[in-house]
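Everything below concerns the one structure shown next.
The values are calculated or read from the model by the stated rules, or taken from the named source; none is laboratory data. What you see is a predicted model, and the numbers here were worked out from it, not measured in a lab. FYI the Cβ positions are ideal-geometry reconstructions off the backbone, even for glycines, and counts take in every protein chain you see.
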Amino acid sequence: MGLTLHYRLTAPEGCSARHAAALVRRLHAIARDWLAQGRVLAVDDIMTDRTFLDRFGTAWRTLPHPADPETSVGVPIRPVAGWIFPVDFGADCEWFWLGLCRYPATVVVGGRNRATRLGERWQFAHSCKTQYASLRGWENFVRCHVGAVELLGEWRRLGGRAKIDDEGGYWPRRDLAALRQRLDQMNGIVAALAGAMKDATEGEGGAPVQAPIFAHPQFERLEAEGAADRAANLAAAAKIIAALPRNRDRTRGDQPKTGD
């Protein structure tokens, strides 16, 4: 849960593997220039290793369940090949992954071949949660969120296509006021929910709730504003959480979390 930037990169129609690799290298060079200018904190090397491609390049498709056509199942579609690399825009922002991959035309589900509907074009889809960059202030958040959108713009200038779904409302109008409003709204929602969960679980002697939003310097204000807007829903959620069975002997690694 958290304000996130979703995006899909695609190469030009009929792009060869050699051309696709060259496009990724050019985008990587631009990111390296940004690093030299201080616009990003880090840029890793381009990765082609199967471990990284499977972890960060796998696409997902919802397909009919092989044993029950009335239900669906999420199926991982691992890339056949690709070039990907991450960019670190700032503290408490997720790493921003970029690149291109090619995927198989079919995948085996329950012993049957199913079309992946990914086509033959080189592409790459990912997301980057930027919300918690605001724990370090508005400027750090803007650096991360707006910077990510601008780097996707560089991909367009190289001749590729970039589809952006911006939960922050900044894109496509580049509206900073809308972004600020959406960020405050999301921080309020998460703070209020985290506070309600904390009260519901710890009040009964349960394990402490962990959430990044607790580190926000204005957490109390955000919690109060979020609770004021959604008091009824939060009260209902707290009752549900309080009624859930809990193991009071949980280890630290099993403590409940929210807002991840």
**Message:** Criterion first (touching a residue at least 12 places away in the same chain (Cβ under 8 Å) and either under 30 Å from Leu135 (Cβ atoms) or assigned to a helix (DSSP H, G or I) (or both)) does Asp92 satisfy it?
**Reply:** yes
**Prompt:** Can you tell me which of Glu139, Glu120, Glu94 is in the same structural domain as Asp44 (by TED's automatic domain parsing) and either of a type in the set (A, V, I, L, M) or under 13 Å from the mean Cα position of the chain (by Cα) (or both)?
**Reply:** Glu94
**Asked** Across the stretch 132-159, what is the number of residues that are touching a residue at least 12 places away in the same chain (Cβ under 8 Å), out of contact with any strand residue (DSSP E or B) (no Cβ under 6 Å at 6 or more places or on another chain) and under 30 Å from Ala22 (Cβ atoms)?
**Response** 10
**Prompt:** Would it be correct to say that Gly188 is touching a helix residue (DSSP H, G or I) at 6+ places or on another chain (Cβ under 8 Å), more than 21 Å from Trp95 (Cα to Cα), surrounded by 17 or more Cβ atoms within 10 Å (Cβ to Cβ) and of a type in the set (Gly, Ala, Ser)?
**Reply:** yes
**Prompt:** Picking from Trp60, Trp34, which residue would you name as being of a type in the set (Phe, Trp, Tyr), more than 19 Å from Leu152 (Cα to Cα) and not in a loop (DSSP other than H, G, I, E, B)?
**Reply:** Trp60
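Within the stretch 96-103, identify whether any single residue is surrounded by fewer than 19 Cβ atoms within 10 Å (Cβ to Cβ) and either modelled with pLDDT of 90 or more or out of contact with any Pro (no Cβ under 8 Å at 6 or more places or on another chain) (or both), and answer yes or no. Outline the logic, then answer.
Restricting attention to the stretch 96-103, the residues satisfying the condition of being surrounded by fewer than 19 Cβ atoms within 10 Å (Cβ to Cβ) are none.
Taking every residue of the stretch 96-103 in turn, none turns out to be surrounded by fewer than 19 Cβ atoms within 10 Å (Cβ to Cβ) and either modelled with pLDDT of 90 or more or out of contact with any Pro (no Cβ under 8 Å at 6 or more places or on another chain) (or both).
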**Filtered residues of the stretch 65-79 (kept if surrounded by 12 or more Cβ atoms within 10 Å (Cβ to Cβ), touching a residue at least 24 places away in the same chain (Cβ under 8 Å) and either over 21 Å from His28 (Cβ atoms) or outside the structural domain of Thr106 (by TED's automatic domain parsing) (or both))** = His65, Pro66, Val73, Val75, Ile77, Arg78
**Asked** Taking the stretch 122-145, which residues are out of contact with any Leu (no Cβ under 8 Å at 6 or more places or on another chain) and either assigned to a loop (DSSP other than H, G, I, E, B) or aliphatic (A, V, I, L, M) (or both)?
**Response** Ala133, Leu135, Gly137
**Request:** Among the numbered conditions (1) outside any strand (DSSP E or B); (2) at positive phi; (3) small (Gly, Ala, Ser); (4) buried (at least 20 other Cβ atoms within 10 Å of the Cβ), tell me where Gly119 comes up short.
**Result:** (4)
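Condition test on Arg114, is it part of a loop (DSSP other than H, G, I, E, B) and on the phi < 0 side of the Ramachandran plot?
Details: part of a loop (DSSP other than H, G, I, E, B): no; on the phi < 0 side of the Ramachandran plot: yes.
Answer is no for this residue.
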**Prompt:** of a type outside the set (D, E, K, R), over 19 Å from His6 (Cα atoms) and part of a strand (DSSP E or B), is that true of Gly99?
**Reply:** no
